[in-house]
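A.B. asks: Take this structure, written in structure tokens, and hold onto it; I'll ask about it next.
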Amino acid sequence: MTTYLLPPEPITTLDAWLATDAGGSGVETAMRLGPAATIDVIARSGLRGRGGGGFPTGRKWAGIADQAGTRRYLVVNGAEGEPGTFKDRALLRANPYQVVEGLIVAAFAIGAEEAFVCLKAGFEREIAALTRAAQEFQAAGICTDCTVNVVAGPDEYLFGEEKAMLEVIEGKPPLPRWFAPYEHGLFAAGPQEGWEAGSSSGRARSDGPNPTLVNNVETLANVSHILTHGADWFRSTGTPESPGTVVATVVGDVVAPDVGEVELGTPLGAVIDAVGSGPRPGRSVKAVFSGVANPVLTADHLDVPVSYEGLAAAGSAMGAAGFIVHDDTACMVDAAYRLSRFLFIESCGQCPPCKIGSGEITTRLERIETGVGTEDDVAAIHGWLERVTDGNRCYLAVEERLLVSSVLRAFPEEFVEHLEAHACPRPGERPIPKLLDLADGVATYDERFWDKRPDWTYGAG
């Protein structure tokens, strides 16, 4: 199948983008149709959010546009920090122009006053590419009425959480608010439900809720292509409930970790083979994690379609289509411990059951993995899994529950082996797949993460 989001060669100038069939056509079509008809095309295409939730994009745009009498804003989420995921950075390296054009269309469709593109400060290459693309659009007169602000934020995982992202834009730490962006958006008056009640951005707050649209980089990358070729074209690939393609990341125990564009509905095993070149010689797939937000998938799930409905039917979810593969040499207790530790460290601490519970679960998993665990540790894990989400204001605590409980259910025998042997039967360390770079079949992981403390500071050991 011909792919369109990841071109064979990177597009590095506006002229090169305008020379393609979709370059400039998205904005032109939107201006001709008008906001309401533009939203209708996106709705009929069936495009779903690619940041992890899979919410219908057209419905999301319409919900913001329908709120009259108030300021509206657009936020583009490129602060990817999900372990095992590199697709947003790959898209910005391959073609930042399709993202900026999608941004212009979305801002026009909802009547946004300003747009904010959020990337981690460490994504220097991607920030440069996106800034260059936005400036070229403005210099060419294609983006004359839109203000694009590039926000370089912190490295914390929660920067990518949409309510925390609004806090960062306003000059504060990435601590999630209570209210969703469409209810309480940027620079709005009223309770912030964070650590600070006021704005640190230097902007005056308005009296309205300022509904704010938050879309992922990949979601907006699709927009110009859909407006150019039509909703039926987009629906001609994928499945009825999950149309189009998805940019998938495959890392872990595979021959060549990589990012690739695949048609939605492709079996999971085929995605692992096509994008990651399959498991290493002589090895077989034992488990697959779609990031750290969803239940584990086992070897029995390799025929499951990679689609929102396919992975849901298998008891998991697609998330951001970042797949972490573990082969038959992997210890699943160790896998649960490492991913649980990631969530514990990245928990912000606003909700005590999340911070304390994920910390206790991580400690008990480490005890079991290192051979000093007992049945009491297993019981304590189960107890905290029931309470870790109490009062949660973001999804992180739910991720802890879903991920750890699924490993306990799928691999109970490995926990028993650890308790009986007082040692790990499958020793061998694997990195936390927090990606710094992914190119030419080589994944570079952030090994410094092991020095990160629960208060988000760093120290040896």
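A.B. asks: Using a 1.4 Å probe, what is the accessible area per residue for the stretch 352-425, in Å²?
C.D. replies: Dividing the accessible area of the stretch 352-425 by its residue count gives 44 Å².
A.B. asks: Provide the per-residue ³J(HN,Hα) series for the stretch 82-88, in order, calculated from phi with Karplus coefficients 6.51, -1.76, 1.60 and θ = phi - 60°, each as a whole number of Hz, with x at glycine and proline positions.
C.D. replies: So the Karplus estimates, Gly and Pro as x, are 5, x, x, 10, 9, 6, 5 Hz.
A.B. asks: Give the carbon-plus-sulfur fraction of the accessible surface of the chain in %, rounded to a whole number; probe 1.4 Å, heavy atoms of protein chains only.
C.D. replies: Numbers: 8980 of 17190 Å².
The computed percentage sits at 52.
A.B. asks: To continue, here is another question. Once you charge only the Cβ atoms, +1 for Lys and Arg and -1 for Asp and Glu, what is the size of the charge dipole of the stretch 311-431 about its Cα centre, to the nearest 20 debye?
C.D. replies: Approximately 500 debye in magnitude.
A.B. asks: What aspartates and glutamates sit close enough to Lys120 to cross-link, taking a C-alpha to C-alpha distance under 13 Å and skipping anything fewer than 8 places away on the same chain?
C.D. replies: Cα-Cα hits under 13 Å: Glu80, Glu82, Asp88, Asp155, Glu156, Glu161.
A.B. asks: Can you tell me the FRET efficiency between Thr444 and Ser236 if r is taken as the Cβ-Cβ distance and R0 is 56 Å, rounded to the nearest 0.05?
C.D. replies: After rounding, the FRET efficiency stands at 0.90.
A.B. asks: Local charge sum around Pro305 (other residues, Cβ-Cβ under 11 Å, Lys/Arg +1, Asp/Glu -1)?
C.D. replies: Net of charged neighbours comes to -4.
A.B. asks: Further question: Considering amide H positions built from the backbone, and no H for Pro or chain starts, which residues 5 or more places from Leu436, or on another chain, come under 5 Å of its amide H?
C.D. replies: Here the answer is Thr444, Tyr445, Asp446, since their amide H atoms fall under 5 Å of that of Leu436.
A.B. asks: I would also like to ask the following. Find the all-direction average of the projected area of the Cα convex hull for the stretch 8-122, expressing the result in square nanometres with one decimal place.
C.D. replies: 8.3 nm²
A.B. asks: Next question, about the same structure. Taking the solvent-accessible surface of protein heavy atoms with a 1.4 Å probe, what is the per residue accessible area of the stretch 57-170 in Å²? Write down the numbers at each step before the final one.
C.D. replies: Numbers: 3410 Å² over 114 residues.
Here the per-residue accessible area is 30 Å².
A.B. asks: Between Ala379 and Leu419, what is the label-point separation in nm under the 7 Å Cα-to-beta-carbon projection?
C.D. replies: Modelled inter-label distance: 1.0 nm.
A.B. asks: Go from 0 up to the bin containing the longest alpha carbon distance in the stretch 1-57, width 5 Å each, and give me the % of pairs per bin.
C.D. replies: Result returned by the calculation: 4, 15, 16, 20, 21, 19, 4.
A.B. asks: Order 51-61, 329-339, 76-86, 15-25 from most to least packed using the mean count of other Cβ atoms within 10 Å.
C.D. replies: Most protected by this proxy first, the peptides run 76-86, 329-339, 51-61, 15-25.
A.B. asks: Also: For the stretch 406-461, what's the radius of gyration and Dmax over Cα atoms, in angstrom?
C.D. replies: Final numbers for Rg and Dmax: 15.9, 43 Å.
A.B. asks: Now, a different point. If you average 1/r over every pair of different alpha-carbon atoms in the chain and take one over that average, what Kirkwood value in Å do you get?
C.D. replies: Answer for the chain: a Kirkwood hydrodynamic radius of 22.6 Å.
A.B. asks: Let me ask another. For Thr329 and Arg430, calculate 0.36 nm times their separation in residues minus their Cα-Cα distance, and state this gained length in nm to one decimal.
C.D. replies: 35.3 nm
The values are calculated or read from the model by the stated rules, or taken from the named source; none is laboratory data. Every value quoted in this text rests on a predicted model; they were computed, and no experiment measured them. Glycine also receives a Cβ, built like all others from the backbone with ideal geometry; neighbour counts cover every protein chain displayed. Accessible surface is based on the protein model in full, side chains and every heavy atom, while ligands, DNA and RNA are left aside. Shrake-Rupley method; radii C 1.70, N 1.55, O 1.52, S 1.80 Å.
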